[in-house]
Amino acid sequence: RENNFIVSSTNIRKYYREGNIEKIKLLLGRKPFLKGRVIEGNKRGKILGFPTANLDIPTRYITPKDGVYIGETRIGDNSFRFPSLINIGNNPTFRGNKKWVEVYILNFNKNIYGVKIYVYFNKRIRNEICFSSKEDLIKQMKNDVNIAKKYFNLE
């Protein structure tokens, strides 16, 4: 029992399904994270002006609920964590049918294909949305970046 929450794998999985990062952190005693190699995606993020690192995550891994999160990314064996936005979902705006974990690392533009990264979840900011146009998606992504910059005091 931790702060009146029963620490159990069932409860932790429940909070992952809900995207409740605060409760996951409380029960695990650390930020939840995913690790995987960066793989090539559809390059839509780059085309939209927000290049993402797409994680190769085995389907057996439990991920937080689909949506957008503020987080941090550690690249390879480096201990530095870069401020990041994380999207989990199937890209409904583009009628996707495969679940992706995509990471937009703020103020970063290096090629890291094939590199193992660790993605830490700090806070959930919204659900995944199906936008009616690329322009609406870009507008929302700019808003998400501004929210992340405020979170990390990068303004």
Query raised in the report: Would the range 79-92 turn up any residue that is in a loop (DSSP other than H, G, I, E, B) and open to solvent by less than 70 Å² (accessible area, probe 1.4 Å)?
Result: yes
Query - Residues located in the range 99-141, provided they are basic (Lys, Arg) and farther than 11 Å from Leu85 by Cβ - result: Lys99, Lys110, Lys116, Arg124, Lys134, Lys139
Query - Of all residues in the range 108-134 being under 16 Å from the mean Cα position of the chain (by Cα) and assigned to a loop (DSSP other than H, G, I, E, B), the one that is surrounded by the fewest Cβ atoms within 10 Å (Cβ to Cβ) - result: Asn127
Report summary line: Checked the range 127-152 for anything over 14 Å from Leu48 (Cβ atoms) and hydroxyl-bearing (Ser, Thr, Tyr); matches are Ser132, Tyr151
Query raised in the report: Could you list, in sequence order, the residues of the range 25-76 that are under 14 Å from Tyr120 (Cα atoms), in contact (Cβ under 8 Å) with a residue 60 or more places away in the chain and open to solvent by 50 Å² or more (accessible area, probe 1.4 Å)?
Result: Lys31, Phe33, Lys35
Requested in this report: Mind listing whichever residues of the range 1-56 are among the aromatic types (Phe, Trp, Tyr), within 21 Å of Asn90 (Cα to Cα) and modelled with pLDDT under 90?
Outcome: Phe50
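The values are calculated or read from the model by the stated rules, or taken from the named source; none is laboratory data. Quantities reported herein were computed from a predicted structural model and do not represent experimental measurements. All Cβ positions, even for glycine, are placed from backbone atoms using ideal geometry, and neighbour counts span all protein chains on display. To get the accessible areas, we keep the full protein, side chains included, count just its heavy atoms, and leave off ligands, DNA and RNA. Shrake-Rupley method; radii C 1.70, N 1.55, O 1.52, S 1.80 Å.
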